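Chemist: Take this structure first; my questions come after.
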Amino acid sequence: MDPDQSRGVEQKEGEPPSGMPPSGSKGGIFYGWWIVAISTAASTIQSAVFNVGAQTLVLPLIREFDTTRTAVSIAFSLRRLEGGVTGPLEGYLIHWMGPRPYMVVGWIIFGLGFIAMGLCQNMYQFYAAFLLVTLGQSVAGFLPIVTVLVNWFDHWRGRAIAIYQLGGSFGALLVPVLAWAVINIGWRPTTISVGVIVMIIGVPIALMMRPHPEEYGYLPDGAKHTADEQSSLEEGVSSADSTSISEALKSRSFWFLGFSHSAGITAWGALQVHQIPALVDIGINELTAAGVVSYTLVISAFGRLAGGFLGDILGTKRVTAVAFIAQGLSVVILAYAQSMTSVMVFATIFGIGFGTRGTLMTVLRAEVFGRKNFSRLAGLMDPVSSVSVLISPIFAGFIFDSSGSYQFAFLVLAAVNASGALLLLGIKIPKRERRASPTNSSPNSEVNSG
């Protein structure tokens, strides 16, 4: 029986919910970790073909349509505009529909968008197709996945999110493969093939997601849910869970969190479009430049894992602030880079800082928003966090087209990126009530599989 059909079915004490793996038994694996694995696979695919891999299309598009870098940058900025406009609606749709059907629709739109992209005949058609891909990736991607992970994990939330975001690094390993296909097979057949593949793989991934552990007899982190533990459902949660949407929107933390997040992804917003062209400009060939992009995201895996652990030890905001500054300094290095050595120094520092910041900013949002309103508040924050990253790709493209160099643009973006460290000072993390560690809540609870 499908796990969703087990809702309301009485479970005997010590038995797993119908249709779920026996995570409470010795040697079993808590289903939340399976969701982490599924989520990581989704992130890997989306990173390889779009979040990172899409920049392999920039130079081929310029050649195909005889256009400028600014014109191509507009497509990538529309990606953030779409998120800023539809983000609040997406948060409510996830809350009302549930993440699983929402993600199924997203993967279908994602694939159809790639097919449309491969068939476009001018830049305007490409803009429309790119928006369709962006919409699909958004519906199938970060917000519904993190909403599920926030529901399934409490004590282990940072680690679960860090593992999920490793998918961005795993996907980066495939970017050189995508670049090879674009250069040697052609960008049109490559994008059409990608569209078919993501639908075939993505829909089953979405169907394996489950929204809440309580519906299947468990507490977050794998603690068993028995009749004697019913009251514990109200324990161990952040005080943010008792905060209404309107109260959260009036809070200082919401706005400082949104603007600091925006600052932290400003440089990345531009680099998603211009990193490969910038490296080509200093004499690095396209395939090698794609390899550098891949390395940047692969090395970010160390930052993601280190950030998850160091945040627990030293404090989330403190470690995140260091990551913001590291990203800014690395972009300064890129602005003056003239050799492969300086490029690799940039890629290493930026990658580690990027990975650390990405994981801990997600953890911060979960801590500030709580489980109950996470998807809605995260969606409502999208217009705030999209401001600078919407502008940065067009800004960098305009500066290059005007001056023939990215240097001034990169220096400005570095300063904005580093400023996010100061904005973190305005965020107040709600107090948490104490709940017993999941490893102690039941002798059979299995949470240490990750």
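Chemist: Taking the Cβ of each residue in TRP156, TRP96, TRP255 as the centre, tally the other Cβ atoms inside 10 Å and list the residues starting with the fewest.
Modeler: Fewest-to-most Cβ neighbours within 10 Å comes out as TRP96, TRP255, TRP156.
Chemist: Right, here's the next one. Quick one: what are the phi-derived ³J(HN,Hα) couplings along the range 390-399, Karplus 6.51/-1.76/1.60 with θ = phi - 60°, whole Hz, x for glycine and proline?
Modeler: 5, 7, 4, x, 5, 4, 5, x, 5, 4
Chemist: Still on this structure, I have one more. Can you tell me the order of 351-357, 331-337 when each peptide is scored by its average per-residue count of other Cβ atoms within 10 angstrom, highest first?
Modeler: In descending order of packing, they fall as 351-357, 331-337.
Chemist: Still on this structure: Using Cβ counts within 10 Å as a stand-in for footprinting exposure, how do HIS274, HIS95 rank, fewest first? Mind showing how you got there, number by number?
Modeler: Values: HIS274 27, HIS95 18.
Exposure proxy ranking, most exposed first: HIS95, HIS274.
Chemist: To continue, here is another question. If neighbour count is taken as other Cβ atoms inside 10 Å, put SER246, SER260, SER77 in order from fewest to most.
Modeler: Details: SER246 8, SER260 27, SER77 22.
Lowest to highest Cβ neighbour count: SER246, SER77, SER260.
Chemist: What share of Cα pairs, in percent, lie more than 12 angstrom apart in the range 349-397?
Modeler: Everything past 12 Å amounts to 71 percent.
Chemist: Viscosity 1.567 mPa s, temperature 4 °C: what is the translational diffusion coefficient of the range 52-161 from Stokes-Einstein with a Kirkwood Rh over Cα pairs, rounded to a whole number of µm²/s? Please report the intermediate quantities before stating the final value.
Modeler: Values: Rh = 15.2 Å.
So the translational diffusion coefficient is about 85 µm²/s.
Chemist: How big is the range 240-305 by Rg and Dmax over its Cα atoms, in Å?
Modeler: That works out to 18.3, 56 Å for Rg and Dmax.
Chemist: Show me, for the range 305-310, the HN-Hα J-couplings you get by feeding each phi into the Karplus relation (A = 6.51, B = -1.76, C = 1.60, θ = phi - 60°), rounded to Hz, glycine and proline as x.
Modeler: 5, 5, x, x, 7, 5
Read-outs: derived from the displayed coordinates by stated rules, not from any lab. Small disclaimer: the values here were computed from a predicted structure and weren't measured. All Cβ positions, even for glycine, are placed from backbone atoms using ideal geometry, and neighbour counts span all protein chains on display.
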